[in-house]
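**Q** Please see the structure below; I have some questions.
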Amino acid sequence: METTPADRFQVGVIVAKRRLNNPWVTHQWLPVGALPAVPPVAPWTRLATTEDEETFYAGAYEVRLHISETAHYRDNLVSGRPSLWVSLRQIAGEAYEIASVTADPYEGEALAEGIGEIVEPVPMPETLQASIAEFIAAFHIERRFEKRKRDRADPEALARQNMPARSTGERE
């Protein structure tokens with residue numbers, strides 16, 4: 001019996017709080033990694049601390065795959081650096097939440113254009129690469145690009161549109 005590849009999976013998100021050498025900003029929050037499964041720890045658990053950086057497990061997020069986006073996922077996998085785009089949203093003071101995680105590079109690029117969220121690509125774990133490759137193999141339909149031909153404009157019709165109505169010479 002053949003099984004259908006999963007169209008969603010959970011990832012654990014790792015973020016770093018990095019110290020900056022800047023007179024106006026003391027630190028920066030950045031997504032730095034994704035785990036292929038959700039670990040049994042509470043969100044915002046500190047994982048490591050150095051002089052310049054603290055690393056936290058930020059929590060889990062469900063990534064959903066869409067059949068219409070398989071070409072985008074394929075582009076991501078063959079890019080040489082498969083990534084997940086992680087978006088963090090500040091909710092209050094030093095508190096952040098995971099706003100979204102996507103495997104679609106074009107959606108990730110669009111997220112990065114927004115204001116107010118921190119968006120970074122992080123390396124995609126190999127097990128997730130394999131799952132996405134299975135999804136692509138099962139659902140991808142190659143669509144041939146067809147360039148549309150424009151209708152040629154009729155210059156006579158355009159000229160007639162802009163002409164004022166003729167008067168018949170009769171008075172009303």
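**Q** Work out the FRET efficiency for E53 and S100 from their Cβ-Cβ distance, taking R0 = 22 Å, and round it to the nearest 0.05. All intermediate terms of the calculation are to be shown ahead of the outcome.
**A** On the way: r = 24 Å, r/R0 = 1.08.
So, using R0 = 22 Å, E works out to roughly 0.40.
**Q** Express in whole angstrom the spacing between the alpha-carbon centres of segment 21-61 and segment 122-140.
**A** If we compute the Cα centre of each part, the gap is 25 Å.
**Q** Right, another one. So how do 17-26, 147-156 stack up, highest first, on mean other-Cβ count within 10 Å?
**A** Numbers: 17-26: 10.2, 147-156: 6.7.
With the highest mean Cβ count within 10 Å placed first, the list reads 17-26, 147-156.
**Q** Counting each DSSP H run of 4 or more residues in the chain as -39500 (n - 2.57), what helix-only mean residue ellipticity at 222 nm follows after dividing by all residues, to the nearest 500 deg cm²/dmol? Display every interim value, and only then the final one.
**A** Working: 4 runs with 37 residues, N = 172.
Counting only the DSSP helices, I get -6000 deg cm²/dmol.
**Q** Roughly what would the spin-label model give for A130 and E107, points 7 Å off Cα along C-beta, in nm?
**A** 2.4 nm
**Q** Please report the relative contact order for the chain, taking Cα pairs under 8 Å with a sequence separation of at least 6, and give it as a percent rounded to a whole number.
**A** 21 percent
**Q** Which loop-located GluC sites (Glu not before Pro) does segment 1-60 contain, where loop means any DSSP state but H, G, I, E or B and the Cβ has at most 13 other Cβ atoms within 10 Å? Display every interim value, and only then the final one.
**A** Values: sites: E2, E51, E53, E54; in loops: E2, E51.
Counting only loop positions with at most 13 other Cβ atoms within 10 Å, the GluC sites (Glu not before Pro) in segment 1-60 are E2, E51.
**Q** Please list the helices of the chain that count as membrane-span-like by this rule: a mean Kyte-Doolittle hydropathy of at least 0.5 together with Cα atoms stretching 18 Å or more along the helix axis, each helix being a complete DSSP H run. Could you put the intermediate results ahead of the total?
**A** Working: long enough: 126-139 (20 Å, 0.97).
Passing helices, by number: 126-139.
**Q** Which of rounded, prolate, oblate describes segment 46-133, given a ≥ b ≥ c as roots of the alpha-carbon gyration tensor eigenvalues and a/c under 1.5 marking rounded, otherwise prolate only if a/b is larger than b/c?
**A** Values: a/c = 2.18, a/b = 1.56, b/c = 1.40.
Here segment 46-133 falls in the prolate category.
**Q** Test of understanding: what is the full-extension gain from H66 to R148, defined as 0.36 nm times their sequence separation minus their Cα-Cα distance? Display every interim value, and only then the final one.
**A** On the way: separation 82, 0.36 × 82 = 29.52 nm, distance 2.66 nm.
Gain in length upon complete extension: 26.9 nm.
Bear in mind these aren't lab numbers, they're just calculated from the coordinates by the rules spelled out. Source: prediction; values computed, not measured. Note that we place each Cβ from the backbone using ideal geometry, even for glycine, and neighbour counts take in every protein chain shown.
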